[in-house]
Amino acid sequence: MAIEIKVPRLAESISEAVLVEWLKPDGGRVGVDEPVATLETDKAAVEIAAADSGILRHARRPGETVHVGDVIARVEAAPAGEPEAPAARGGDNGGPAERAGEPLPAGRPQVADAERVLSPAVRRLVDEHGLDPARIAATGKGGRLLKEDVLLHLERAGRPEATSGAAAVAPGPASEAAEAPAPPAPAARPPSPATPTDEDERVVPMSRIRLRIAERLVRAQHTAAILTTFNEIDMSAVLELRARFRESFEQRHGVRLGFMSFFTRACVLGLEEIPELNAEIRGTDIVYRRHVHLGVAVGAERGLVVPVVRHADGLGFAEIEREIARLAAKAHAGTLTLDELSGGTFTLSNGGVYGSLLSTPILNPPQSGILGMHKIEKRPIAVDDQVVIRPMMYVAVSYDHRIVDGEQAVTFLVRVKERLEDPERMLFEV
Amino acid sequence: MAEPRFDLVVIGSGPGGYVAALRAGQLGLATACVEKYPTLGGTCLNVGCIPSKALLDSSEHFAFARTQAAAHGIRAEVSLDLAAMMKRKDGVVRDLTRGVEGLFRKQKVTHVQGVARITAPGRVEVEGPEGRRALEAQRILVATGSKPVALPGIAFDGRRIVHSTDALSLPEVPRRLVVVGAGAIGLELGSVWRRLGSAVTVIEVMDRIVPGMDRASGDSLRRALEKQGLRFVFGASASAARVEGDQVHVTVSAGETTREEVCDVLLVAVGRRPYTDGLGARELGIAMDERGRLEVNEKFETSVPGVFAIGDVIRGPMLAHKAEEEGIAAVETMAGLPGHVHYEAIPNVVYTWPEFASVGLSEEEARAQGREIAIGSFPFIANGRARAMGEREGQVRILADAKTDRILGAHIVGPRASDLIAELALAIEFGASAEDVARAVHAHPTLPEAVKEAALAVAGRALHI
């Protein structure tokens, strides 16, 4: 009896993913819990493991979009007499003996590459642009590739084709292409741009995560009424406290005392006072949150990710620092889970680590607020009518003016400022 | 006598009902099909699609022999034998209805003659020539179809004031025929009698023929029909009619003005209504909409569990092939299979000459949906085969999404449009782009080349014009 490998429920609000690559070949042997495929969602790459050991039968191909609950593969019981060694065949697609007599996986009709028939327009586009059809997400009947699928693929890769114009000079399709399209690329290699580009340009298709970041940022700009308010914070007190307790904190808690814990606490207290900044618009309702799940923007290799410190309102300094350190390490390793990436209610973004003096952060929809931290710089300021030099930081809060009033956003930022300039306030929550 | 219990009782043996019964038999369901008329096939086979096409084909031959044969170098004395033409039509109907009986035997469908009434869920009483019997059924499928609608104040008399059924068997060619309604039925029957010699006037309340179909194509069909001598009066309706001797005096109202039109036969073809008379649907509490159609869910089940309905008695176009697909989908769903009807890809044909066939969105519908469309059009006058046939009327119009090139609709006025549309219905069914059709090889010289050229024209690169 074959065991189905289905797309698991990845996280709230995530219903689809792209099957990036097979880690185990069709017909190969897999062991229990052995990763067989990589799925990439808008937020992270996830490995899917086999629930049982046996022979893996792919049901979907790399590049396809899959949905939660879709069967991507089946694991069939290994033929009797053969050892259930999970290692074995690597790239080998299974010997003929193993193949013989075994039924193809049922379900969604999938034709073998050699007999995969492309429609004439798809064939022309694929030939013209040197594309691997196996790597294009197909939406047609029975998993067929439509012309619009290829056009979308090209558009995403930054090579849109004019529907009517370009066709006029297109060469006719090579007839052999129908019978034997190029075999699919074995791994997740980005399709190579076939159209010769100018020496000055380098065309690289956007990764799905990058695409999604782009989409989300533009969506935020389109839907929310984003406004930003600024303030500056004298960081003397925080720096002083930090210097005083740095060693003992690290010894006691095993984690560095950074600025993030101060800012997190200050934000949590500010959000309790201004709950609109921790709320979201859902249809015509405003949804207020009992807790603060604080997104912390981390620049990782594959793009900016925003892991979430859950229930930040219930955490102490040490717990906050530990959690942020843990999430940052996972972000850099690319192993964040979808749950760790979703459900944030407010975001902290520290552009200061890159040296930014001032910026207007952009909302992370559907959140209604984000606080931008910047670099600490010694500047002359006036204190009691005296010019003094103080370590200063500009801070910015961007907010969705649809549910947050200007006064509320300004008040929030003033509260954050007061608490950081006078951290004892946080002790007494005043 | 103990009646056998059926898995499915189908009420009505039109194309929806009999096909559903056949599919049910194929799937191994114990099936009965109740039909009130002695012959199977319903409106379509007996008094609709089939006899009208038999007459359309016969009258086309007659018109060809009279008006076009000479151009082909054929000289002949042509005269009409209406009785023989009607006899041939009846023969075609007889053969096909008997064919359905044979198919029922093959799939072991029990044919029950009589008028069915659903007395309770799972129970159908049939009043037949051999008395009354009650059928027990796990499920009931209502496929009772539709009946012609009469105009208020104009009663059918079956001789001078007739509906489509009577117009298929007029005993002689009326000198003057007035048709009310420029839909498919009015145009087809108007064409039959025009070709056989009647002076035909078509009265339509809207401002165009075949309202609801692609306007530009409809207009081109109107011009072709006018050339054949059909006369159209738009924005008008028949408000009264009286028979005086052998003549019908029709009161034609257009806005405030009325005038009288005199004819030998008045054909009222203003539409059909769902037929549920005596079915017991109302008594059973089956939900109906304001037009008397049974309401069904996506499984074609009515508000009464176990009672299903398909075809003309439910929402959607009143087309035989739509009813067939629904019947198949309904039965497959009952059998636990994934039945589905793709309503966007249902072709619709007007069997005039030239024919008018369409599938998918009309230009007006596409624009109303706010879609950016690209239209490719190719006239038959530029198609080699059409010219060889002596056909010059009409064109193929293909509507595609301007961005994705996906075909959204196709509208063909021209020779054999009814056959040509199949290619484009298949294209829409498979989400094909216009380029896909343009790049498929089409035999030369054939009418389908016009389809290919129209597909090329979507991208502005038709070759033969």
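Figures for the structure shown
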quantity: Identity of the residue in segment A:218-234, touching a helix residue (DSSP H, G or I) at 6+ places or on another chain (Cβ under 7 Å) and within 28 Å of A:ALA318 (Cα to Cα), that ends up least open to solvent (accessible area, probe 1.4 Å); calculated: A:ILE233
quantity: Test: B:GLY336 is over 23 Å from the mean Cα position of the chain (by Cα), of a type in the set (Gly, Ala, Ser) and within 14 Å of chain A (Cβ to nearest Cβ); calculated: no
quantity: Segment B:1-22, residues that are open to solvent by 30 Å² or more (accessible area, probe 1.4 Å) and in contact with an Asp or Glu (Cβ under 7 Å, 6 or more places away or on another chain); calculated: B:GLU3, B:ARG5
quantity: Residue that is crowded, with 20+ Cβ neighbours inside 10 Å, in the same structural domain as A:VAL268 (by TED's automatic domain parsing) and under 20 Å from A:SER261 (Cα atoms), where the choices are A:VAL353, A:VAL308; calculated: A:VAL308
quantity: Members of segment A:39-82 found to be among the small types (Gly, Ala, Ser) and either at pLDDT 85 or above or open to solvent by 40 Å² or more (accessible area, probe 1.4 Å) (or both), listed by number; calculated: A:ALA49, A:ALA51, A:ALA59, A:ALA73, A:ALA77, A:ALA80, A:GLY81
quantity: Of residues in segment B:252-283 being under 25 Å from the mean Cα position of the chain (by Cα) and among the β-branched types (Val, Ile, Thr), the one farthest from B:LEU168 (Cα to Cα); calculated: B:THR276
quantity: Among residues of segment B:380-406, those that are open to solvent by 20 Å² or more (accessible area, probe 1.4 Å) and in contact with a Ser or Thr (Cβ under 9 Å, 6 or more places away or on another chain), counted; calculated: 10
quantity: Selection status of A:GLU340, over 22 Å from the mean Cα position of the chain (by Cα), surrounded by 15 or more Cβ atoms within 10 Å (Cβ to Cβ) and either modelled with pLDDT of 90 or more or not in a loop (DSSP other than H, G, I, E, B) (or both); calculated: no
quantity: Count - residues of segment B:409-452 that are at negative phi and within 12 Å of chain A (Cβ to nearest Cβ); calculated: 17
quantity: Identity of the residue in segment B:338-359, outside any loop (DSSP other than H, G, I, E, B) and open to solvent by 30 Å² or more (accessible area, probe 1.4 Å), that ends up nearest to B:GLU298 (Cα to Cα); calculated: B:TYR343
quantity: Segments classed as helices (runs of 4 or more DSSP H), wholly inside segment A:83-165, with at least 3 members that are within 14 Å of chain B (Cβ to nearest Cβ) and modelled with pLDDT of 85 or more; calculated: A:120-129, A:147-156
quantity: Count of segment A:373-402 residues which are closer than 19 Å to A:ARG289 by Cβ, open to solvent by less than 20 Å² (accessible area, probe 1.4 Å) and in a loop (DSSP other than H, G, I, E, B); calculated: 0
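The values are calculated or read from the model by the stated rules, or taken from the named source; none is laboratory data. For clarity, every value in this text was computed on a predicted model and none was experimentally measured. Ideal geometry is used to build each Cβ from the backbone, glycine not excepted, and the neighbour counts take in all protein chains shown. Surface accessibility is based on the protein's heavy atoms, side chains included, excluding ligands, DNA and RNA. Shrake-Rupley method; radii C 1.70, N 1.55, O 1.52, S 1.80 Å.
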